Amino acid sequence: MSEANQPHWASMLGVPSTGLTQGFRYHFSTQRLVNGTFVRNFGSNKGLELIVGENAQIQVGVPAYVERERPGSISSGWSDESMLAKFRIASANEEEGNYVANFSLGLSLPTGSPGFSTKNTVFTPTLAAGKGWGTHESGFDIQSLVSLGVADRNNAVTGLPFIWNTGVQAHVSRHIWPEIEVAYTHWNRGWYSGRSQMVVTYGIAYERRIAQGKSITIGAGYQEPRGTAFSTFTRGWISMAKFSF
């Protein structure tokens, strides 16, 4: 019943779902950094999502396995463990208004391998909202969120990244959802203090119901920095697989 009271939008590649979701999600991404290093991320700390109340969800991430390939060398290790709690503030399905808003608090614990861990506990409060136009069978929606990463210590090193992420997706046929996402990050303090980066993702998702209350979603997209002088990478690819139940 919780999901019946909100829009039925497909999962986006980078923008976290603004509604409550239940299932298991896995990502893979690869980026070419400005120094020529290739970074491959298996999992992206996604994992199990569970609706635990009429307006509440928790997420327990699976630590990502990260591989860095430099000219002549390859290093790899596990990233930090992450968890998230989400509370849905307001929502209405396609027939009643087609919108949703939530507040969430993410938590990252320094459990990763040396060289792949932030070595800090990081709290990430996030406010998100989405609005759609159309019906359950066709239409489009805009989803947006703002968040701030706050470490328990060493903010002079890790910084205080402010992130604004917005995505537009369309339901163009029964199963197809093309999308464009824009992710803007501004760093306060830390290594990148005062710098900003904007990344655009062009993607598409395929969603199909396989049984009552169960569906699979797969998607892929191309990422590139746009509109800012500073960037940490030159290009990248992202893919997603999700089983909802």
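Any read-out appearing in this document is the output of simple, stated calculations on the displayed coordinates, not a laboratory observation. Values in this document were obtained by computation on a predicted structure and should not be read as measured data. Cβ atoms come from the backbone with ideal geometry, glycine included; neighbour counts cover every protein chain shown.
Taking +1 at the Cβ of each Lys and Arg and -1 at the Cβ of each Asp and Glu, which of Phe38, Ile180, Ala56 sits farthest along the dipole of the chain towards its positive end, judged by Cα position relative to the Cα centre? Working it through, the farthest residue towards the positive pole turns out to be Phe38. In loop segments of region 131-188 as defined by DSSP, the trypsin sites (Lys or Arg not before Pro) with at most 15 further C-beta atoms inside 10 Å of their C-beta are Arg153, Arg174. Build a GNM of the chain with springs between Cα atoms under 10 Å apart, and of Ile89, Ile218, Ile210 the one that fluctuates most is Ile210. Cross-link check: pairs Lys119/Lys242; Lys131/Lys214; Lys46/Lys86 evaluated at a Cα-Cα cut-off of 22 Å; pairs beyond the cut-off: Lys119/Lys242; Lys131/Lys214. Exposure proxy shown here: for Lys242, Lys86, Lys119, Lys46, the number of other Cβ atoms within 10 Å sets the order, fewest to most, as Lys119, Lys46, Lys242, Lys86. By the count of other C-beta atoms within 10 Å, a proxy for reagent exposure, Arg88, Arg32 are ordered fewest to most as Arg32, Arg88. Centre-to-centre separation between the Cα atoms of region 127-170 and those of region 1-41: 11 Å.
For GluC sites (Glu not before Pro), the sites in region 36-114 that DSSP calls loop and that have at most 10 other Cβ atoms within 10 Å are Glu54, Glu95.
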